Amino acid sequence: MIPLKSQKDLEMLKHSGEILASVMSRLVKIVQPGITTLDIDRISEELILKNKAVAAFKGYRGFPATACVCVNEEIVHGIPGSRVISEGDIVSIDLGVNYQGYFSDMAVTLPVGKVDQIKNKLIEVTRKSLAAGIKQAVVGNYLTDISHSIQSFVEAEGFSVVRQFVGHGIGLALHEEPEIPNFGKPHLGPLLKSGMVLAIEPMINVGSWECFILENGWTAVTKDGKPSAHFEHTVAITDKGPIILTQ
Ligand code: MG
């Protein structure tokens, strides 16, 4: 069952999403050469707590940090640590907020200083693929209309869609039903209804979609070592169309 949210739930989720978006907008400004991924994590946690919210990832299935921070070839679930960010890197920050029991989830990928053309294109294509997916998140469409629109957009640009990780329902828990693949045939899966809230999150690779998990048991990296990008929004499906809660 995909849980449907009440008007009150949606208002609380909007609040949670606004906190997350404001934290993210601060983080975007501090990502520059010389800082470590752990610096980003510490600042994320401070900002979330300042907003009287809780970091939703910390402790989730044992995840040890507030933010997932991924650099270049890292796809998702990067554990913040001593890695120093340099000019020319791309950095993905994935963050979750729990505000009074209401969860929101968001990710962005940022260029650090001047990055090469292919990384710039990757960021743009990934951002636009999320927008294409959100556009399909309307009452009366099927779930995989979202998936299919993301995959077709990305592959037309010559990049590939990660298969091993998918988006998810969200709201009263960080992960709810349904799973939302970023690939697949259209017009399948459950019919989308008003009151569903989805975390749509394409993870896109320059090279092959294949990945492996590092020895830390969390961090997924591209098999070919080429860069990967990740954008995510928490989106409510309503009779008036999709509402992005994390902006
Ligand atoms: Mg997510």
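Gaussian network model of the chain, Cα springs within a sub-10 Å range: biggest mean-square fluctuation belongs to which of ALA131, ALA199, ALA229? Between ALA131, ALA199, ALA229, it is ALA131 that shows the largest mean-square fluctuation.
Basic side chains Lys and Arg get +1 at the Cβ, acidic Asp and Glu get -1 at the Cβ, and with that the dipole of the chain about its Cα centre reaches some 440 debye. Shown is the FRET efficiency for TYR60 and GLU215, computed with R0 = 35 Å from the Cβ-Cβ distance and rounded to the nearest 0.05: 0.95. Highest mobility in the GNM of the chain, judged by mean-square fluctuation with C-alpha springs under 10 Å and restricted to VAL54, VAL112, VAL197, is found for VAL112.
Size of the range 7-244 from its Cα atoms: along the principal axes, largest to smallest, the extents are 47, 43, 30 Å. For the pair the range 219-239 / the range 133-212, the C-alpha centres are spaced 10 Å from each other. Here, P(r) means the percent of Cα pairs in each 10 Å bin from 0 to the largest distance; for the range 33-117 it is 18, 50, 26, 6, 0. Summed over qualifying helices (DSSP H, 4 residues or more, each -39500 (n - 2.57)) and divided by its residue number, the chain shows a 222 nm mean residue ellipticity of -9500 deg cm²/dmol.
Among ILE213, ILE93, ILE123, the largest mean-square fluctuation in a Gaussian network model of the chain (Cα springs under 10 Å) belongs to ILE213.
If you wrap the Cα atoms of the range 70-205 in a convex hull and average its projected area over all directions, you get 8.7 nm². Backbone N atoms of the range 96-131 closer than 17 Å to the 7 Å Cα→Cβ label point of GLU155 belong to residues 126, 129-130.
Each label was represented as a point 7 Å from its Cα along the Cα-to-Cβ direction; for LYS193 and LYS240 these points are 2.2 nm apart. Ignoring lysines fewer than eight residues from LYS226 along the same chain, the ones with Cα atoms less than 30 angstrom from its Cα are LYS29, LYS58, LYS114, LYS119, LYS121, LYS128, LYS135, LYS185.
Under 17 Å from a label point set 7 Å out along the Cα-to-Cβ vector of ASP116, the amide N atoms of the range 200-232 belong to 205-208, 222-229.
We did not get these values from a lab; they are worked out from the coordinates using the rules stated. In this text the structure is predicted, and so the values were computed from the model without any measurement. Cβ sites come from the backbone with ideal geometry, for glycine too, and all protein chains shown count toward neighbours.
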